[in-house]
Amino acid sequence: MPIAYYITHPQVQVDANVPVPEWGLSDIGRARAVAMLEQPWVGSIRRIVSSAERKAIETAEILASHLGVAIEVREAMHENDRSATGFLPPPEFEAVADQFFANPHKSIRGWERAIDAQHRIVSEVETVLGTTGADDTAFVGHGGVGTLLLLSLSGSEISRDADQPAGGGNYFAYDIGAHRVVHGWLPIDKTAQRHREA
């Protein structure tokens, strides 16, 4: 059965003077994306679908160049819309993100509501999977909406408990045919050892 992999971009070059969607990968992030290419699960990917944000595109480009696969860009796969606040210092960002997940039906400081971001990313993924064949597909995106997608696919309520590990550069796998999460978040640059859910 084909597998869908949701991959989050690894570490980025933070610049408070640049809009967040335009941030690119840092040297560490780029090195981790390259290290991902050595993982055994990567080789079966035949379709790559990416958010239009620069950090996601750069991650997808590394994967696509290695596999010889074109990138499909979908604008609506972007991270939860945080343009109302723009860049926030890490402690403040974490506090607002906590509220974002804890109050999914409310807009926190003008951010897109978690429930709306979840509906958006689920719709995008369902649309893509509705046109995919028997090949494994990689979605390259972001931790916030990726977590919301994982929660939806696993039938869980919105909570930050399922958030990816800090720093980004993680992935989860979903069995498209069986409609089952194969495993939750794992680092993109470390080989998984039989991380399969019952």
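The values are calculated or read from the model by the stated rules, or taken from the named source; none is laboratory data. Please read these numbers as outputs of a predicted model, since none were measured by experiment. Note that each Cβ is placed from the backbone with ideal geometry, even for glycine, and that neighbours are counted across all protein chains shown.
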Looking at the range 131-145, can you tell me whether even one residue there is at pLDDT below 95 and small (Gly, Ala, Ser)?
yes
Restricting the range 63-85 to residues that are buried (at least 21 other Cβ atoms within 10 Å of the Cβ) and over 13 Å from the mean Cα position of the chain (by Cα), the one farthest from Tyr6 (Cα to Cα) turns out to be Arg82
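Quick one: how many residues across the range 32-62 are under 14 Å from the mean Cα position of the chain (by Cα) and of a type in the set (S, T, N, Q)?
Total meeting the criteria: 3.
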Just one of the numbered conditions (1) closer than 24 Å to Lys55 by Cα; (2) in contact (Cβ under 8 Å) with a residue 40 or more places away in the chain; (3) outside any loop (DSSP other than H, G, I, E, B) is not true of Val182; which one?
(1)
Suppose we keep only residues that are touching a His at 6+ places or on another chain (Cβ under 9 Å) and part of a helix (DSSP H, G or I) within the range 134-147. Which one would you say is surrounded by the most Cβ atoms within 10 Å (Cβ to Cβ)?
Val145
Out of all the residues in the range 99-110, is one or more basic (Lys, Arg) and farther than 28 Å from Asp175 by Cα?
yes
Which ones in the range 133-143 are under 12 Å from the mean Cα position of the chain (by Cα) and either within 17 Å of Ile45 (Cα to Cα) or aromatic (Phe, Trp, Tyr) (or both)?
Ala138, Phe139, Val140, Gly141
So in the range 13-31, with the set limited to residues that are under 15 Å from the mean Cα position of the chain (by Cα) and of a type outside the set (Gly, Ala, Ser), which one is farthest from Thr131 (Cα to Cα)?
Leu25
Just to check your reading of the model, which residue among Gly155, Gly146 is of a type outside the set (A, V, I, L, M) and farther than 24 Å from Gly43 by Cα?
Gly155
So which residues in the range 26-50 are surrounded by 15 or more Cβ atoms within 10 Å (Cβ to Cβ) and not aliphatic (A, V, I, L, M), if there are any at all?
Ser26, Gly29, Arg30, Arg32, Gln39, Trp41, Arg46, Arg47, Ser50
Tell me the residue from Ala35, Ala16, Ala56 that is of a type in the set (A, V, I, L, M, F, W, C) and either in contact with a Leu (Cβ under 9 Å, 6 or more places away or on another chain) or over 15 Å from Gly168 (Cα atoms) (or both), please.
Ala16
Applying the selection to the range 153-170, what residues are in contact with a His (Cβ under 9 Å, 6 or more places away or on another chain) and either surrounded by fewer than 15 Cβ atoms within 10 Å (Cβ to Cβ) or of a type outside the set (A, V, I, L, M, F, W, C) (or both)?
Gly168, Gly169
Expected output for the range 17-41 (first residue over 25 Å from Ile3 (Cβ atoms), partner β-branched (Val, Ile, Thr) and modelled with pLDDT of 95 or more, Cβ below 6 Å, 6+ apart or cross-chain) is Trp23/Val12; Ser26/Val12
Condition (residue is touching a residue at least 24 places away in the same chain (Cβ under 8 Å), surrounded by fewer than 18 Cβ atoms within 10 Å (Cβ to Cβ), out of contact with any strand residue (DSSP E or B) (no Cβ under 7 Å at 6 or more places or on another chain) and not β-branched (Val, Ile, Thr)) applied to the range 51-60: is it met by at least one residue?
no
What residue, of Leu148, Leu129, is under 21 Å from His105 (Cα atoms), out of contact with any Asp or Glu (no Cβ under 9 Å at 6 or more places or on another chain) and touching a residue at least 12 places away in the same chain (Cβ under 8 Å)?
Leu148
